[in-house]
1. So how many residues does the stretch 57-77 have that are assigned to a loop (DSSP other than H, G, I, E, B), modelled with pLDDT of 90 or more and either among the hydroxyl-bearing types (S, T, Y) or within 16 Å of the chain's Cα centre (by Cα) (or both)?
2. So in the stretch 39-56, with the set limited to residues that are modelled with pLDDT under 90 and surrounded by 13 or more Cβ atoms within 10 Å (Cβ to Cβ), which one is farthest from G94 (Cα to Cα)?
3. Quick one: in the stretch 78-121, which of the residues that are of a type in the set (K, R) and part of a loop (DSSP other than H, G, I, E, B) is modelled with the lowest pLDDT?
4. So which of A131, A124, A145 ends up being farther than 16 Å from P65 by Cβ and in a helix (DSSP H, G or I)?
Amino acid sequence: MITAIASRTLSQAFARAGRTRNVVRSFSYNGDKVWQVYLSGEIHSNWREVIADGVKELPVTLTSPNTSHEDSDDCGAMILGMQEERPNWDRIGGTMNRIRTQTLLEDADIVVVRFGEKYRQWNAAFEAGYASAQGKPIITLHPPAISHM
């Protein structure tokens, strides 16, 4: 249900943008823009696919962090070469992921952050903070149980 709300929210935002020519903060919509939407948050459910399905007819490009633990851990070694020691392997993978994530967040027009119930979402919280510092509009999704309202 949360992901359906996000799809509807994005759809409504784009519809409003087409009518009013203004969206959140200083964004403007000229009808030709392809919106860059970064999907941050938990990786153990299909919420990204639900949003992708909900916005497939909209001028949207969806990006996200690497959602495969194995690929995420190994990306540095696979790109730059195998490392002899595990600490170097982890450090290089972390650096490559940071560069990728930072670039995608900076390129995003809107950031959607989903917090789940089961796992600590420190990556999502960090990405939300970084996006906020960049002045990016953020749509936050979370289960009702962790709402402060």
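The values are calculated or read from the model by the stated rules, or taken from the named source; none is laboratory data. A quick note: this is a predicted structure, and the numbers were derived from the prediction, not measured. Don't worry about glycine lacking a Cβ; one is built from the backbone with ideal geometry, like all the others, and counts go over all protein chains shown.
1. Of all residues in the stretch 57-77, those assigned to a loop (DSSP other than H, G, I, E, B) come to 57-59, 64-68.
If we keep only those that are modelled with pLDDT of 90 or more too, we end up with 57-59, 64.
Those still in the list that are either among the hydroxyl-bearing types (S, T, Y) or within 16 Å of the chain's Cα centre (by Cα) (or both) too: 64.
Qualifying residue count, the stretch 57-77: 1.
2. Among those residues, the one meeting the criterion is S45.
3. Going through the qualifying residues, I end up with R120.
4. A145
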